[in-house]
1. Please say if region 1-110 is rounded, prolate or oblate, where rounded means a/c under 1.5 for a ≥ b ≥ c the square roots of the C-alpha gyration tensor eigenvalues, and otherwise the choice is prolate for a/b larger than b/c and oblate otherwise?
2. Subtracting the Cα-Cα distance from 0.36 nm times the residue separation, let me have the gained length for residue 131 to residue 153 in nm, one decimal.
3. Report, in debye and to the nearest 20, how large the dipole of the chain comes out about its Cα centre when Lys and Arg carry +1 and Asp and Glu carry -1 on their Cβ.
4. Just checking my list [x] 45; [y] 32; [z] 40 against percent of Cα pairs over 25 Å apart computed from this structure; which label fits?
5. Quick one: grab the alpha carbon gyration tensor of region 124-212, order the square roots of its eigenvalues as a ≥ b ≥ c, and give me rounded if a/c is under 1.5, else prolate or oblate depending on whether a/b is larger than b/c.
6. For a quick protection proxy, order the peptides 152-164, 56-68 by their average other-Cβ count within 10 Å, most packed first.
7. Which order do peptides 27-40, 108-121 fall in by mean Cβ count within 10 Å, highest first?
8. Full extension from residue 30 to residue 59: what is 0.36 nm times the residue separation minus their Cα-Cα distance, to one decimal in nm?
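The values are calculated or read from the model by the stated rules, or taken from the named source; none is laboratory data. Because the structure is predicted, anything quoted here is derived from the model rather than measured. Every residue, glycine as well, gets a Cβ built from its backbone with ideal geometry; the counts of neighbours run over all protein chains shown. Surface accessibility is based on the protein's heavy atoms, side chains included, excluding ligands, DNA and RNA. Shrake-Rupley method; radii C 1.70, N 1.55, O 1.52, S 1.80 Å.
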Amino acid sequence: MSTSPLKIGVVDSGCSVQQHLVESAAFVLDEGQLWLAEAEPDQLGHGTRTIEVIQALASEAEVFSAQVFQARLTTTAVQVAAAIDWLVEQGVQVINLSLGLRQDRPALREACEQALKAGVLICASSPARGEPVYPAHYPGVFRMTGDARCQREEISYLETEFADFGACVLPLDNTRGLSGASLGCAHLSAHLLRYLRQASSPSLSAARQWLIEQSQYQGPERRGAAHG
């Protein structure tokens, strides 16, 4: 069981409420060069809502924000890879990536591999249907999506070709607008912090088994089916 502070890294658009964060940094491409810069206020709200969900379920966790989105929800594999590397250096145990890139890039793959070797649990958004995205499609990365069946603290074990687990699709204010996969990913990252809080010998396989045991639903969500 962990007695030291749990640390989670969030790769997203930053956070507009700085007191939520222990540390933050931005990863910016300018004229083809990657720069480490001070994080700017969250212009999109995506990262702020993601962090709010995580903190609501795991309030004791220390949050580190790696900003890769600025004015638009577009980024590159180089930026995301650098963000992952920086978060590993900060000593986080979980990395939340409520994002997905269409192309497999060596830099991103290597960053994920190194994080996993360091014992970090990586949770990444994956659409419930469609083409695979990265880093969710890399081995060892939890493929997370939204599941409308799930209430705030519930988990579904999906095990489909698209996603491993699902969770609540709503932000704290229960409004819609953000991707269900993004918020499902945030909820599941918070659940993994709960796992780490009680695990005596945490591991990727043990974390996966714990999520399965915690799940209220098994199998994919069926369109038109009644929700429990």
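1. prolate
2. Taking residue 131 through residue 153 to full extension adds about 5.1 nm, to one decimal.
3. Roughly 640 debye for the chain.
4. [y]
5. Because a/c hits 1.5 or more and a/b fails to exceed b/c, region 124-212 counts as oblate.
6. 56-68, 152-164
7. Ranked by mean Cβ neighbours within 10 Å, highest first: 108-121, 27-40.
8. 6.9 nm
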